[in-house]
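Here's the structure, in structure tokens; my notes come after.
The values are calculated or read from the model by the stated rules, or taken from the named source; none is laboratory data. Quantities reported herein were computed from a predicted structural model and do not represent experimental measurements. Glycine also receives a Cβ, built like all others from the backbone with ideal geometry; neighbour counts cover every protein chain displayed. Calculation scope for accessible area: heavy atoms of the full protein, side chains included, ligands and nucleic acids excluded. Shrake-Rupley method; radii C 1.70, N 1.55, O 1.52, S 1.80 Å.
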Amino acid sequence: MKGIVFTEFLEMVESKFSPELADTIVEGADLPSGGAYTSVGTYDHREMIKLVSCLSQETGISPADLMRTFGLYMFERFYVLFPQYFDGIDTSFQFLERIENYIHVEVRKLYPEAELPSFECDTSQPGCLRLTYRSTRPFAPLAEGLIRGCIAHFREDAEVEVEDRSNGQGTAARFLITQRGTLS
Amino acid sequence: MSTIEQLERRLERERRARKAAERIAEEKTREIFDANARLQQLNNHLEELVRQRTAEVAAARDEAVRASQAKSDFLASMSHELRTPLNAIIGYSEILLEESGDLVRPELRPDLEKIRGAGKHLLGLINDILDLSKIEAGKMDLFLEEIDVAGLLADVSATVPPLMAKNGNLFEVRGNPDLGTARSDQTKVRQILLNLLSNAAKFTKQGRIILSAKRLTGGRGDYLEFEVSDTGIGMTPEQMAKLYSAFSQADASTTRNYGGTGLGLAITKHFCLMLGGDVKVQSEPGVGSTFVVTLPAVCPIAGETPSPERAEGTAGTVLVIDDERTTHDLLERELGVRGYRVVHAGGGREGLHLAREVRPDAITLDIIMPEFDGWAVLRELKADAELRSIPVVLVTILGDREMGYALGAADYLTKPVDPDALLGALGRFHAGNGDVPVLVVDDDPMTREMLRRILSKRGWSVAEAADGTAALSILGRTRPAAVVLDLMMPGMDGFEVLDTMRREAKWRDIPVVVVTAKDLSAEEVTWLNQHAERVFQKGAYTRSELVGVIHDMIARGTGTSVSRRFMEGAR
């Protein structure tokens, strides 16, 4: 998993909760990296699972909710860090449809070894986007958070229905996004 | 746990993260360096590949150039081989035609005319093919010179009436009077117009063909516009599309019905482009065609070859009395190149005045002139004791030949003037019919025999040499009044003979006319123009032309004593 996910996660914990809590979960998670993350590095995704699990224990919030929250936070950070991916994009559907064929292609140019999840889009139904997430890692809730973050970014009113496709493993899910309108 | 400890831990994590980032950056840098090195290597390899390929392409190009050179050489030598026997065919048929009047069987005449016509046609085809192959090889040279456009037009118009008569066509020339002069390649402009006119004449029956010319003043200099329109069979758009392609006529039946190779228009188009202009066509089937040639008045192509200098008046002075400007222009040019000084009179009274003042060696006289006509001028000339001996050639569209001779005219020519015929007439006054020696140098016995017969008919004695060495040997013993020289001969060739003659003081001033079947390069033409009096392509000249030139050359200074010595030496 790319280091940026870890650095952003810890920054979120520091800002949303406290630097002390961040330090606590890093120390308590018993991480092979020792929690010394750099955004250009690559780390075992299980460290993320441990960090989320520790944070859940410390806060009493479920790991899935924490991941969704992180997804929402992460999307805005994407906008700040990589504005070029937003050029000419006006709606959440446009952005989500571009993940697989544009954003992931660009990521692979910089990190050829990156293991990326797949996002399959189905737009056959007008006003609806059926997005299927598949990964070797159980980050479906993180994906859901990112999708919700995307809708919020474009100030849209949309309903997101989540259908688990991995028997609760979190490695596959189908998101049915239905536009209701635009928030004024 | 104290805040200090927390911060220290955090600092430690940040420090390690920084070091990890630095290590990653270093690794990435190394990867980039390695990738660059690999690219460089690939690039070098590619450059090596490109070098190899370039060498291969260059070799292929050299091979193609060699092949093209071989093709040109082949064409040049083939044309030489073909022209030599053709020259004999045309020459002998002309001799026979001339003599057939005296023959018992004058019915042979049409057959002889067919032989001559077919020979000339074949020669035309060979010349066309050669022209086209030269154009395609980029070896067609331009000889830029000052052209009197009206004169050129008159000249062309004088040449085409037989063509027009063949299909019963009416021919008309519409020349704007202020055509002025142009700087271009006269031979090519003439050929462009003749090609278009002969084309029009070929595809029009019982119709009308108009040649018109005008000068256009434009932002980028003056242009000359020549228009050839006919009322012939015309063309469809499809036929027009492939009009200028070599060997492509309207369709196969065109070739059967109208003849020709289909090279004329391809050559015309190429010539127009070479001269910085173009040719355009408008046509309608069954109505007719109009070709428009536009040429810049000053040909923009650099590297022009200066035309050989004219010898001014060395052959004598001719007074031209005529009220038509075109005749003046034509004679000025044709006689001028042959070394005559031409004096012009626009009417009868002026003509008489100038005849007294200039005392010309010969006079050409038009009959139909306003106020004071040719008959009156001729009567006055012959009544004047001082002017009586000047030979007068009547040049007119109609008139009474017998009356002319009765009044004392020396010769009689009809308009349009055939310059060769006039030169022949003028030459006769000059050279007389004495025993004048001419040396013919040619390795082809048939050609030698033909030239001997042509020249001896004019009263000249002829010595023959089969190669350069034999020619120099004869020159060592005698001094001919003129030399007719072939270029391509075994052993010592014509160039060497001419070079030797021009180096030797005693031979330097012997006039030489080159008659060759060789396809000459621009350098050779330039060299020959400097060293010989005249160059003729075998088969491409008329006998009267050759005879006229030799007359001129002889007229410029030989004596009978020389001739006698020459004859003794040659025998």
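Across the stretch A:158-166, computed HN-Hα scalar couplings (Karplus, 6.51 cos²θ - 1.76 cosθ + 1.60, θ = phi - 60°) run 9, 9, 10, 9, 10, 10, 5, 10, 9 Hz from first to last residue, x flagging Gly and Pro.
Pairs exceeding 30 Å between alpha-carbon atoms, taken from B:Lys71/B:Lys506; B:Lys134/B:Lys538; B:Lys269/B:Lys538: B:Lys71/B:Lys506.
The calculated FRET efficiency for B:Lys382 paired with B:Lys506, based on their beta-carbon distance and R0 = 30 Å, is about 0.10.
Legend: calculated FRET efficiency, B:Phe372 to B:Ile210, from the Cβ-Cβ distance at R0 = 45 Å, rounded to 0.05, equals 0.85. Under a 5 Å amide H cut-off, with hydrogens placed 1.01 Å from N, B:Val462 pairs with B:Val438 among residues at least 5 apart or on other chains. The HN-Hα couplings worked out from phi for the stretch A:48-53 by the Karplus form 6.51 cos²θ - 1.76 cosθ + 1.60 (θ = phi - 60°) are 5, 4, 5, 4, 5, 5 Hz, whole numbers, x standing for Gly and Pro. Taking label points 7 Å from Cα along the Cα-to-Cβ direction, A:Cys128 and B:Met492 give a separation of 10.9 nm.
Summary value for chain A: 19 percent relative contact order, contacts being C-alpha pairs under 8 angstrom separated by 6+ residues. For B:Phe536, the residues whose amide H sits under 5 Å from its own are B:Val514, B:Val515, B:Thr516, ignoring neighbours fewer than 5 places away on the same chain, with H placed 1.01 Å from N.
Can you give the Rg to Rh ratio of the protein assembly as shown, both from alpha-carbon atoms, with Rh computed by the Kirkwood formula?
1.38
Evaluating 6.51 cos²θ - 1.76 cosθ + 1.60 at θ = phi - 60° for every residue in the stretch A:119-126, the Karplus couplings come out as 10, 9, 10, 10, 10, 4, 9, x Hz, glycine and proline recorded as x.
Which of the three applies to the stretch A:55-184, rounded, prolate or oblate, going by the alpha-carbon gyration tensor with a ≥ b ≥ c and a/c under 1.5 meaning rounded? Display every interim value, and only then the final one.
Numbers: a/c = 1.29, a/b = 1.13, b/c = 1.14.
Rounded is the answer for the stretch A:55-184, as its axis ratio a/c remains below 1.5.
For the stretch A:3-61, the dipole from Cβ point charges (+1 on Lys and Arg, -1 on Asp and Glu) about the Cα centre works out to 180 debye, to the nearest 20.
Each Cα pair under 8 Å and six or more residues apart adds its sequence gap; the mean of these over the residue count of the stretch B:417-517 is a relative contact order of 26 percent. A probe of 1.4 angstrom, applied to the heavy atoms of all protein chains, finds A:Cys128 with accessible area near 20 square angstrom.
Surface listing: A:Ile99, B:Ile32 arranged by accessible area from highest to lowest gives B:Ile32, A:Ile99, probe 1.4 Å.
Going by alpha carbons, how many degrees (0 to 90, nearest 10) lie between the helix axis of B:348-358 and the longest principal axis of chain B? The helix B:348-358 is inclined about 90 degrees to chain B. Each Lys and Arg contributes +1 and each Asp and Glu -1, all at the Cβ; summed about the Cα centre of chain B, the dipole is approximately 1040 debye. Here B:Lys19 is the anchor, and the lysines within straight C-alpha reach of less than 19 Å, apart from those fewer than 8 places off in the same chain, are A:Lys2, B:Lys28.
Kindly sort B:Lys214, B:Lys518 by accessible area of their heavy atoms, largest first, with the probe set to 1.4 Å.
Largest accessible area first, the residues go B:Lys214, B:Lys518.
Taking amide H positions as modeled 1.01 Å from N, with prolines and chain starts lacking one, the residues under 5 Å from B:Thr364 and 5 or more places away or on another chain are B:Leu319, B:Val320, B:Ile321, B:Val393. Set the bar at 32 Å for Cα to Cα. Now go through B:Lys120/B:Lys280; B:Lys114/B:Lys415; B:Lys188/B:Lys242 and name every pair that lies beyond it. Violating the 32 Å Cα-Cα cut-off are zero pairs. Taking the C-alpha atoms only, the angle from helix B:325-337 to the longest principal axis of chain B is near 80 degrees. Helix B:445-457 and the longest principal axis of the C-alpha atoms of chain B enclose an angle of approximately 40°.
Calculated mean residue ellipticity at 222 nm for the protein assembly as shown: -16500 deg cm²/dmol, from DSSP H runs with n ≥ 4 weighted as -39500 (n - 2.57), summed, divided by the residue count and rounded to 500. In the context of the full set of protein chains, the stretch A:68-182 has a per residue accessible area of 53 Å² (1.4 Å probe). Averaging Cα coordinates gives a centre for the stretch A:63-108 and one for the stretch B:106-179; these two points are 83 Å apart. Looking at the protein assembly as shown alone, DSSP beta bridges between its own residues are antiparallel in about 55 percent of cases.
Contact order for chain B, expressed relative to its length and based on alpha carbon pairs under 8 Å spaced 6+ residues apart, stands at 11 percent.
With each label modelled as a point 7 angstrom along the Cα→C-beta vector, the B:Arg53-B:Gln40 pair spans 2.4 nm.
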